[in-house]
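Everything below concerns the one structure shown next.
The values are calculated or read from the model by the stated rules, or taken from the named source; none is laboratory data. Fair warning: this is a prediction, and the values are worked out from it, not measured in the lab. In this analysis, Cβ positions are derived from the backbone assuming ideal geometry, glycine residues included, and neighbour counts consider all displayed protein chains. Keep in mind that these areas ignore ligands, DNA and RNA; they rest on the heavy atoms of the full protein, side chains included. Shrake-Rupley method; radii C 1.70, N 1.55, O 1.52, S 1.80 Å.
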Amino acid sequence: MAACACGCACSLCLTTPCWADPGEDAEDDVLEITVHADDPDVEDIRARTTMDAVDLERRSGDDLADTLAGIAGVRTAGGTADAAKPIIRGHQERRLLVLNDGVRHESQKWGPDHATEVDPFSAGQISVIRGAAGARYGPDAIGGVILVQPPPLRSEVGVGGVTRASFETNGRRPYLAARVDVVPAAAPRLSARVSANVGVGANRSAPDYVLGNTASRTYNLGATLGYTWDAGQVRASWTHHAFTAGVFYGVQNGTPTDFAAQLNAEQPATADLWSSTYDIDRPYQDVTHDMVLVNADLIGEWGTLDLTYAFQLNHRQEFDSVREGISGPQYDFTLRTHSVDALYRHLAVSLPFGELDGGVGVQGTFQENVYRGYALLPNYRSFGGGVFAYERLSLRRIDVEAGARLDGLSRVAFVGDDDFHRHVQRGTLDESTCEVSPAHARCPAAYSAGSVSLGALAHIVPNLLDVKLDLSRASRFPNVDELYLIGSAPSFPVYALGSPDLAVETAWGASLTTGVRHPWVKAEVSAYGQVVDDYIYFSPDLNVSGAPRFDVTIRGTWPRFTYQAVQAMVYGVDGTVSVAPEQSLGVDLRFAAVRAQDRQTQTHLIGTPPDHLTASVVGRLPTVGVLHDTQVRATTELVARQTRTDDHADFAPAPPAYALFGLSVETELGSRTPVRLGVDVHNLLNTSYRDYTSLLRYYADQPGRNIRVRVGVPF
Amino acid sequence: MKWITRLAPLGLLFTTACSDVEAPDGCHYHDDELHCDDDNHGLATTVILNFTPSGGGDTLSFEWNDPENDGNPVVDDILLPDASDHDHHDAQEYTLDVEIWNELEDPASDVTPDIDEQDHFHQFFFTGSAVRGPAVGNNPDAIIRQAYADEDENGLPVGLSNTITTVDWGTGELTVTLRHMPEENGETVKTEGLADAVADEGFGGIGGGNDIEVTFNIEVE
């Protein structure tokens, strides 16, 4: 039964290394009726898409969000730096959970310009679960979960690995990556890995002008050492991510009137001064993220036990445009996170009518945030924990999975005395809820939440038609910025204030997914709906007569925006359809439409991605000499204008609809360890457009045509 | 919720044991709590306008002051006498010198020399219903006229020193904006004709960002 960890409960392996032999259970009677056991996307109760190594190679040099942008239901929230954040089913990163090698990625993810500090090259595969998954993965998993999983460690004696290289014309950015795995003959149970990659980019260019100060530099390092024996594996790893990126010059500190004036300008005021350069000026951000992880997977006749300890150090510095002579950052965040995860999975229990799999887990997190700089955020310390259990009953043609989880968070915020008095003066913080000392106010808070899920997977027609239904309740605790933020927001013409009495967000949802697997049609289409109670929403603060409030600072007069709890509703459809997926000529379609609104006022929530459809015609060419798996793909991406907006809560009208065209050609050279080559052209016609979910749309056009040349060489 | 609160002390023990953290620069631990010094370097809290009659006389000073930077400023109303001693307005000329202070630092620091030293990256603009001048154009309701009385190393106006002339009795608003315009891609952002561009297109028509934008009520009597 040792193989059960990877055979009959394959979905679980995606959060832990799958090192056991997956083949032994093939003779198991129950498994014989568990179709598609080799495809976790099919077997997962939720809508799920996995990008494998080849998919990831096509996105060489992209950050995590852009890497995932090819998945249905996933959009990107671009920044004013060369950075993006993922959006899943209309939910921004606050309501997403990123599990990097099974560990919750912890960063300053509240910032609209703060890209996810996870290296896609570190992954052997990345899975996106669309929809709430809080009962299994914990708080924040309201919109979805991103599972970043490293490739399994090498098990055979010898040396192997992969190198990738790419060059992009827009921004003249070279990218180089290498990963080497070694198993020494003298110690065949030991396995080691080192990996590194670097990408350097000059300023990006929109069709009509250079986007000044959008140059960036990224490098990643990683090392892993593992030891495997009959009853388990222990593994230690370290990853280091470093990212430095300029913030677009066109982002001005101006009052609402000035902001409106630049919106109507044909191009940014100083665009004629900008040139293509690798130099990065103020304002810019400089971020490092380190993670040390120790993991043990133990297996025995009692089941399996997966234990993980991880320490993450996220250091973010932001350098504002200041007078010469002032050195150092104006915003400096250090976030330290210790986490412990334990998951016990019992042996599969054979019942007369099916098989029962499941497990229980516990998770603990200790976190400390240190902020130095202009008035913005407090320091804090928090302790969080959760316990969960799930069981999956596999019957002949239907699997039923139920899970429950209880989470709690205790957090103490140390609000600086100046900020504390500013909050008290405005009436946004009740003085009696904090212990006041000369240096700061100590403001404690505690939250708890329960999550449940009940799902079913029915193989209506085995190997042809599946239907999934997932019912869930998931939660999110308020972030510190939502509670205590105070100050002018760097990117928007507003004065932003937190609301210390915000409660836990709770989402109730249902998701129905249909999968078709036929030689001529492969499809997965989902429809979903969620109601989110106490949805925390950044919107204008109105007085009793409904008029906006304003704050006067030495930099001008600003409308006051606060975090407010609204009763939200989110629903939509997303999916992919591949016609003739294996034939010489096929068509791929990918689409998503999502609606989000306040249930009480019926107003639309801003930031919701507009409807989009991507259609590709794919030609698969026959083998010619050493060239094989050659394919040519012509793509059209249609994005509608977002007409469901709220003019009072946004700063600019939604940009017009747009259509982008793309073309890519790829092939493989050689057979044993084939070299993969590809050329991708994005925005072929160099179309000027603005993207509704990108911060840049308030200031400038999106980057224009980009040609990427890439090569991947395994060895 | 209680169970998690009971476990919290364990968490703190764990944190202390495992993290053994060093306080970052400018911070220190006291009773297991982290204290950080505020970093307010480079900010401004106070604008002082000093009006000195050209013919001699006492300097009249008016402040826009938010010493705690808490959005609750104390703003003086500007009251400028004209030169008249009868029932007609007679123009009075003043020299207007601008001072900028940061009162979040202890002791308060005078930011004006920093701006003076880097005047090729800075320019003040004087706008509002009370003003006629380069950044407003011809304003028939104006009660004062502003003209730059200084220039930087490139011969461009700065606005730390100005000439203000009363043009009529009445009341209105005076907005003082300090625009910070560092180089972009090594190119100069502060160029000729910026005040005209502000008059034509507003501040969205020029580069850089606002360090200061404050508004005073002003009366000429």
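Give me a count of the residues in region A:262-292 that are assigned to a strand (DSSP E or B) and of a type in the set (Asp, Glu). Before you say what the answer is, go through the steps one by one.
Keep residues of region A:262-292 that are assigned to a strand (DSSP E or B), which gives A:284-292.
Those still in the list that are of a type in the set (Asp, Glu) too: A:286, A:290.
Final tally of qualifying residues: 2.
Within region A:521-550, the residues that satisfy the criterion of being within 14 Å of another protein chain (Cβ to nearest Cβ) and either more than 34 Å from the chain's Cα centre (by Cα) or open to solvent by 50 Å² or more (accessible area, probe 1.4 Å) (or both) are A:549, A:550. Just the residues that are crowded, with 18+ Cβ neighbours inside 10 Å and more than 10 Å from chain B (Cβ to nearest Cβ), please, taken from region A:417-441. If the condition is that a residue be crowded, with 18+ Cβ neighbours inside 10 Å and more than 10 Å from chain B (Cβ to nearest Cβ), then A:420, A:428, A:429, A:434, A:441 are the ones that fit. Residue pairs whose Cβ atoms lie under 9 Å apart, sitting 6 or more positions apart in sequence or on different chains, and linking a residue in region A:530-559 that is at positive phi to a partner that is open to solvent by 30 Å² or more (accessible area, probe 1.4 Å) and part of a loop (DSSP other than H, G, I, E, B), are A:534/A:503; A:556/A:253.
For every residue, the table says whether it meets (1) touching a Phe, Trp or Tyr at 6+ places or on another chain (Cβ under 8 Å); (2) within 17 Å of residue A:324 (Cβ to Cβ); (3) in contact (Cβ under 8 Å) with a residue 60 or more places away in the chain.
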{"site": "B:80", "(1), (2), (3)": "yes, no, yes"}
{"site": "B:92", "(1), (2), (3)": "no, no, yes"}
{"site": "B:100", "(1), (2), (3)": "no, yes, yes"}
{"site": "B:122", "(1), (2), (3)": "no, yes, yes"}
{"site": "B:132", "(1), (2), (3)": "no, no, no"}
{"site": "B:153", "(1), (2), (3)": "no, yes, no"}
{"site": "B:162", "(1), (2), (3)": "yes, no, yes"}
{"site": "B:172", "(1), (2), (3)": "no, no, no"}
{"site": "B:183", "(1), (2), (3)": "yes, yes, yes"}
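Taken over region A:658-695, the criterion of being assigned to a loop (DSSP other than H, G, I, E, B) and more than 25 Å from the chain's Cα centre (by Cα) is satisfied by A:670, A:671, A:672, A:673, A:674, A:684, A:685, A:686, A:687, A:688.
May I ask you to verify whether residue A:295 is in contact with a Lys or Arg (Cβ under 9 Å, 6 or more places away or on another chain), in a strand (DSSP E or B) and away from chain B (no Cβ under 14 Å)? Spell out the reasoning first.
Values: in contact with a Lys or Arg (Cβ under 9 Å, 6 or more places away or on another chain): yes; in a strand (DSSP E or B): yes; away from chain B (no Cβ under 14 Å): yes.
Taking the combined requirement at face value, the residue satisfies it.
Inside region A:30-125, counting only helices (runs of 4 or more DSSP H) that do not spill past its ends, which hold 3 or more residues that are closer than 20 Å to residue A:588 by Cβ and either among the aliphatic types (A, V, I, L, M) or open to solvent by 10 Å² or more (accessible area, probe 1.4 Å) (or both)?
Details: elements: A:40-43, A:53-58, A:64-68.
Where helices (runs of 4 or more DSSP H) fall fully within region A:30-125 and carry at least 3 residues being closer than 20 Å to residue A:588 by Cβ and either among the aliphatic types (A, V, I, L, M) or open to solvent by 10 Å² or more (accessible area, probe 1.4 Å) (or both), they are A:53-58.
Going residue by residue through region A:198-205, is there one that turns out to be open to solvent by 20 Å² or more (accessible area, probe 1.4 Å), basic (Lys, Arg) and more than 22 Å from residue A:278 (Cβ to Cβ)? Can you show your working first?
Kept after step one, since they are open to solvent by 20 Å² or more (accessible area, probe 1.4 Å), are these residues of region A:198-205: A:198, A:200, A:204-205.
Now restrict to residues that are basic (Lys, Arg): A:204.
With more than 22 Å from residue A:278 (Cβ to Cβ) added as a condition, the list becomes none.
Looking for residues that are open to solvent by 20 Å² or more (accessible area, probe 1.4 Å), basic (Lys, Arg) and more than 22 Å from residue A:278 (Cβ to Cβ), one finds none in region A:198-205, hence no.
Could you please find all residues in region B:152-202 being closer than 21 Å to residue A:281 by Cβ and either within 17 Å of the chain's Cα centre (by Cα) or basic (Lys, Arg) (or both)? Scanning region B:152-202 gives B:178, B:179, B:180, B:181, B:182, B:190. For first residues located in region A:442-466 and away from chain B (no Cβ under 14 Å), partners that are crowded, with 17+ Cβ neighbours inside 10 Å and assigned to a loop (DSSP other than H, G, I, E, B) and lie 6+ apart or on another chain with Cβ distances below 6 Å form the pairs A:455/A:45; A:457/A:45; A:459/A:35; A:462/A:35; A:463/A:35.
Okay, residues lined up against (1) surrounded by 15 or more Cβ atoms within 10 Å (Cβ to Cβ); (2) of a type in the set (D, E, K, R); (3) within 30 Å of residue A:579 (Cα to Cα):
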| site | (1), (2), (3) |
| --- | --- |
| A:589 | yes, no, yes |
| A:597 | yes, no, no |
| A:606 | yes, no, no |
| A:610 | yes, no, yes |
| A:625 | no, no, yes |
| A:635 | yes, no, yes |
| A:651 | yes, no, no |
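Collect the residues in region B:64-82 that are away from every other protein chain (no Cβ under 14 Å) and surrounded by 14 or more Cβ atoms within 10 Å (Cβ to Cβ), keeping them in residue-number order. Please lay out each step first, then the result.
The first filter runs over region B:64-82 and keeps only residues away from every other protein chain (no Cβ under 14 Å), leaving B:76-82.
Hits for region B:64-82 are B:76, B:78, B:79, B:80, B:81, B:82.
Residue by residue through region A:318-350, note down the ones that are without any contact (Cβ under 8 Å) to a residue 12 or more places away in the chain and more than 11 Å from every other protein chain (Cβ to nearest Cβ). Before you say what the answer is, go through the steps one by one.
From region A:318-350, those without any contact (Cβ under 8 Å) to a residue 12 or more places away in the chain are A:323-328, A:349; that's our starting set.
Across region A:318-350, the qualifying residue is only A:349.
Where strands (runs of 3 or more DSSP E) fall entirely within region A:492-583, those with at least 3 residues that are at pLDDT below 90 are at A:495-497, A:521-540, A:550-553, A:556-579.
Report yes if residue A:328 is modelled with pLDDT under 90 and either open to solvent by 30 Å² or more (accessible area, probe 1.4 Å) or farther than 19 Å from residue A:485 by Cα (or both), otherwise no.
Yes.
Taking the conditions (1) touching a Ser or Thr at 6+ places or on another chain (Cβ under 6 Å); (2) open to solvent by less than 20 Å² (accessible area, probe 1.4 Å); (3) more than 12 Å from every other protein chain (Cβ to nearest Cβ) in turn, residue B:207 satisfies each one other than (3). For region A:177-212, which residues satisfy the criterion of being outside any strand (DSSP E or B) and within 26 Å of the chain's Cα centre (by Cα)? Of everything in region A:177-212, those that are outside any strand (DSSP E or B) and within 26 Å of the chain's Cα centre (by Cα) turn out to be A:202, A:203, A:204, A:206, A:211.
Do we find a residue being buried (at least 18 other Cβ atoms within 10 Å of the Cβ), over 30 Å from residue A:454 (Cβ atoms) and among the aliphatic types (A, V, I, L, M) anywhere in region A:385-406? Within region A:385-406, none of the residues are buried (at least 18 other Cβ atoms within 10 Å of the Cβ), over 30 Å from residue A:454 (Cβ atoms) and among the aliphatic types (A, V, I, L, M). In the condition set (1) in a strand (DSSP E or B); (2) buried (at least 23 other Cβ atoms within 10 Å of the Cβ); (3) modelled with pLDDT of 95 or more, residue B:215 is compliant with all but (2). When the residues of region A:368-384 are filtered to those that are open to solvent by 20 Å² or more (accessible area, probe 1.4 Å) and assigned to a strand (DSSP E or B), the one that is farthest from the other protein chains (Cβ to nearest Cβ) is A:380.
Report, by residue number, each residue of region B:83-139 that is open to solvent by less than 10 Å² (accessible area, probe 1.4 Å) and away from chain A (no Cβ under 14 Å). Matches in region B:83-139: B:94, B:96, B:126, B:130, B:131. Among the criteria (1) modelled with pLDDT of 85 or more; (2) farther than 30 Å from residue A:326 by Cβ, the one residue B:85 does not fulfil is (1).
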